[in-house]
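The values are calculated or read from the model by the stated rules, or taken from the named source; none is laboratory data. On a predicted model such as this, the values are computed, not experimentally measured, just so you know. Because the Cβ atoms are built from the backbone with ideal geometry, glycine has one as well, and the counts that use them run over all protein chains shown. The protein model used for the area step is the full one, side chains on, heavy atoms only, and it has no ligands, DNA or RNA in it. Shrake-Rupley method; radii C 1.70, N 1.55, O 1.52, S 1.80 Å.
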Amino acid sequence: ARRSRRKAEARPGSEDRRIPGRMEAEAVALALLALAGFVELALFSYLPADALWVWGTDVSNLGGPVGALVAGILAGKFGWAAHALPFAGAIAAFRYLRGLPVRPRWIPLAAWTLCWVSLAALLQAAANVWPGASPAAVGGNVGAVVVSVLSRALHLPGATLFLAIAFVLSLLIATGAS
């Protein structure tokens, strides 16, 4: 069906119709891709010593004061797992560009949230298992709280297994892969 539509569009004299909403979807996709790139740039150049909300001071973040604020909030709460947010934004942008539905339902949103939280907690659990191999707050505040709560109930090995299963299942649900 695609080939015949393309051939019809390529024929001289065929009507050149614009698909309704396509230009808007491409604009949203490019804006989302630019935002994801900015957030990743800010996270990549994040330094905890940068002032988060003080204008007129020098910050070393490549995103400037706004980038330092965004990276400070995301890295402070989610640690290294914060890098999953720009990745998810880029995936959504590419789905828009390809004309695929972004699936605006609550189930994929909940699955991406669980994926993000479980990744932060897994990073924190790894830091607890191998102290000194990575920064102490690699999972951020969220990862530390989740690991602390689960470790009391399941001990660290059980919590790590539980988090690994939650991460894989939520990733499968969020992406629709099987």
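Taking the range 108-135 as the range and being among the aromatic types (Phe, Trp, Tyr) and part of a helix (DSSP H, G or I) as the test, the residues that pass are Trp112, Trp116. If you go through the range 129-155 and keep only what is farther than 23 Å from Leu43 by Cα, of a type in the set (S, T, N, Q) and surrounded by 14 or more Cβ atoms within 10 Å (Cβ to Cβ), you end up with just Ser151. Scanning the range 110-127 for residues that are out of contact with any Gly (no Cβ under 9 Å at 6 or more places or on another chain) and closer than 24 Å to Leu47 by Cβ returns a single hit, Trp116.
Select, from Val102, Val138, the only residue that is more than 19 Å from Pro48 (Cβ to Cβ) and either part of a loop (DSSP other than H, G, I, E, B) or at pLDDT below 85 (or both).
Details: Val138 fails: more than 19 Å from Pro48 (Cβ to Cβ).
Selected residue: Val102, the only one of Val102, Val138 that is more than 19 Å from Pro48 (Cβ to Cβ) and either part of a loop (DSSP other than H, G, I, E, B) or at pLDDT below 85 (or both).
All of (1) open to solvent by less than 50 Å² (accessible area, probe 1.4 Å); (2) at pLDDT 85 or above; (3) charged (D, E, K, R) hold for Glu40 with one exception: (1). Among the residues of the range 152-178, those identified as without any contact (Cβ under 8 Å) to a residue 12 or more places away in the chain and under 18 Å from Ala127 (Cα atoms) are Arg152, Leu154, His155, Pro157, Gly158, Leu161.
Answer yes if at least one residue in the range 63-76 is over 21 Å from Asn141 (Cα atoms), assigned to a loop (DSSP other than H, G, I, E, B) and open to solvent by less than 70 Å² (accessible area, probe 1.4 Å), and no otherwise. Yes, because at least one residue in the range 63-76 is over 21 Å from Asn141 (Cα atoms), assigned to a loop (DSSP other than H, G, I, E, B) and open to solvent by less than 70 Å² (accessible area, probe 1.4 Å).
Taken over the range 165-178, the criterion of being of a type in the set (Gly, Ala, Ser) and either loosely packed, with under 14 Cβ neighbours inside 10 Å or at pLDDT below 85 (or both) is satisfied by Ala174, Gly176, Ala177, Ser178. Restricting Asn141, Asn128 to residues that are within 20 Å of the chain's Cα centre (by Cα) and in contact (Cβ under 8 Å) with a residue 24 or more places away in the chain narrows the list to Asn141.
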